[in-house]
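Notes follow once the structure below has been shown.
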Amino acid sequence: MQHALLPLLLALALPALADTVKVDNAWVRATAPGQQIAGGFMNLTADADMVLVGGSSPVSKTFELHFMRMENGVMAMRQMKEIALPRGKTVSLEPGGLHVMFIGLKGQIRPGQKVPMTLLVRGVDGRERKLAVAAEARR
Ligand SMILES: [Cu+2]
């Protein structure tokens, strides 16, 4: 009878493992001296419906979610309140599209440097989770 309990306990433990976001190919564009902003890019795949709602990084004063689009023939950058991460779908943050933006850089970001950031994601239960990401700076 003891053994019958085991599958039940495993099933109860599963929700703790769910609601995760896989992060692939995270990188940040290296900056020139004195540059105040930098863009960050990555692929995000959530295993449940989630929403990226913001984040922070020690390399900048402010961290925002952005997207780029054509406005009157000019590429413009706009802030987004949140980015949906539908279950099982890979959402690409890439140059010319969705990205994270480091604003008010505290120093130059050099190629090869590791740029830490914490993403804030919200699940359908309304709870926010922190996601630590280490991105590599590239030219
Ligand atoms: Cu931007």
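We did not get these values from a lab; they are worked out from the coordinates using the rules stated. Here the structure is a predicted model, which means the values were calculated and not measured. When we count neighbours, we look across all protein chains shown, and the Cβ atoms used for this are built from the backbone with ideal geometry, even at glycine.
Across region 40-139, the mean sequence separation of Cα contacts (distance under 8 Å, 6 or more residues apart), normalised by length, yields a relative contact order of 35 percent. Charge tally around N25: other residues with Cβ under 13 Å, Lys/Arg +1 each, Asp/Glu -1 each, net -1. Put simply, the amide H of A30, placed in the peptide plane, has neighbours under 5 Å in R138, R139, leaving out anything fewer than 5 places away on its chain.
With everything on Cα atoms, drop me the angle between helix 2-17 and the longest principal axis of the chain, reported from 0 to 90° to the nearest 10. Compared with the principal axis, the helix lies near 20 degrees.
Taking region 19-138 on its own, what percent of its Cα-Cα pair distances exceed 20 Å? Across region 19-138, Cα pairs with separations above 20 Å total 39 percent.
Taking Cβ atoms as reference points and 15 Å as the exclusive limit, the residues near S57 contribute a net charge of +3, counting Lys and Arg as +1 and Asp and Glu as -1. Amide H contacts of L85 (H built 1.01 Å from N, in plane; Pro and chain starts excluded): M50, V51, L52 sit under 5 Å, all sequence-distant by 5 or more or on other chains. With a cut-off of 10 Å between beta carbons, the residues surrounding A48 carry a summed charge of -3, where Lys and Arg count +1 and Asp and Glu -1. Couplings for region 21-37, taken from phi via the Karplus curve 6.51 cos²θ - 1.76 cosθ + 1.60 with θ = phi - 60°, read 10, 8, 10, 10, 6, 7, 8, 10, 6, 4, 10, 8, x, x, 5, 9, 10 Hz in order; Gly and Pro are left as x. Report the residue, chosen from M75, M50, M117, that carries the largest GNM mean-square fluctuation when the chain is represented by alpha-carbon nodes joined by springs under 10 Å. Its mean-square fluctuation being the largest, the pick is M75. Per residue, the Cα convex hull of region 25-64 amounts to 81 Å³.
Tell me the mean residue ellipticity at 222 nm calculated for the chain from its helices only (DSSP H runs of n ≥ 4, each -39500 (n - 2.57), averaged over every residue, nearest 500).
Details: 1 runs with 16 residues, N = 139.
Result for the chain, helices only: -4000 deg cm²/dmol.
A DSSP coil position with no more than 13 other Cβ atoms inside 10 Å describes the following trypsin sites (Lys or Arg not before Pro) in region 20-100: K81, R87, K89.
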